[in-house]
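**Q** Sharing a structure here in structure tokens format.
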Amino acid sequence: MSDISGAYNTTVKSPMGDQSGTFTVVDNEDGTFSGKMEGGMGSMDVEEGKVDGNKLSWKMNMTVPMPMTLDCEATVEDGKMAGNVNAGAFGAMPLTGEKK
């Protein structure tokens, strides 16, 4: 199992304030990953999760406060995650996390 797999305590800096959550990453060992983000905005499944070395990219379908597809990317290093959640017209929101 790769060292990207695990549960991360994450914070997304959104226009509505910091959104804390738990992001679970399951490396499928074939260049893809699955998982989910659980937090104040509900639970969202990872879709089209891709792994390239220590870089992750994925999509999530947000329903609250409005339906929107989020394009996400992050780099994992030494148990820490940093990246962006791109939310259409709202632009890129910084994502940070640390493995539990």
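**Q** Residues in the range 24-67 near a label at residue 14, defined as backbone nitrogen under 17 Å from the 7 Å Cα→Cβ point?
**A** Correct set: 24, 36-47, 59-67.
**Q** Starting from the Cα coordinates of the chain, work out the convex hull volume and express it per residue in Å³.
**A** 79 Å³
**Q** What's the local net charge at residue 60, with K and R +1, D and E -1, over the other residues with C-beta under 10 Å away?
**A** Net charge in that neighbourhood comes out at -2.
**Q** Ignoring ligands, DNA and RNA, please state the percent of accessible area on the chain from carbon and sulfur, probe 1.4 Å.
**A** Carbon plus sulfur share of accessible area: 51 percent.
**Q** Please identify the GluC sites (Glu not before Pro) of the range 16-87 that satisfy two criteria: DSSP loop assignment and at most 11 other Cβ atoms within 10 Å. Which are they?
**A** 29
**Q** Around residue 5, which amide H atoms from residues at least 5 apart in sequence, or from another chain, sit under 5 Å from its own amide H, with H modelled in the peptide plane?
**A** Placed amide hydrogens put 27 under 5 Å from residue 5.
**Q** For the chain, what is the charge dipole size about the Cα centre, in debye to the nearest 20, if Lys and Arg each add +1 at the Cβ and Asp and Glu each add -1 at the Cβ?
**A** Dipole about the Cα centre, nearest 20: 320 debye.
**Q** Could you state the accessible area per residue of the chain in Å², with a 1.4 Å probe and every protein chain left in place?
**A** Averaged over the residues of the chain, the accessible area is 54 Å².
**Q** Take the chain, connect every pair of alpha-carbon atoms lying under 10 Å apart with a spring to form a Gaussian network, then pick out the residue of 68, 60, 16 with the largest mean-square fluctuation.
**A** Of 68, 60, 16, the Gaussian network model singles out 16 as fluctuating most.
The values are calculated or read from the model by the stated rules, or taken from the named source; none is laboratory data. This is a predicted model, so every value here is computed, not measured. In this analysis, Cβ positions are derived from the backbone assuming ideal geometry, glycine residues included, and neighbour counts consider all displayed protein chains. Just the protein is used for accessible areas: all its heavy atoms, side chains included, with ligands, DNA and RNA removed. Shrake-Rupley method; radii C 1.70, N 1.55, O 1.52, S 1.80 Å.
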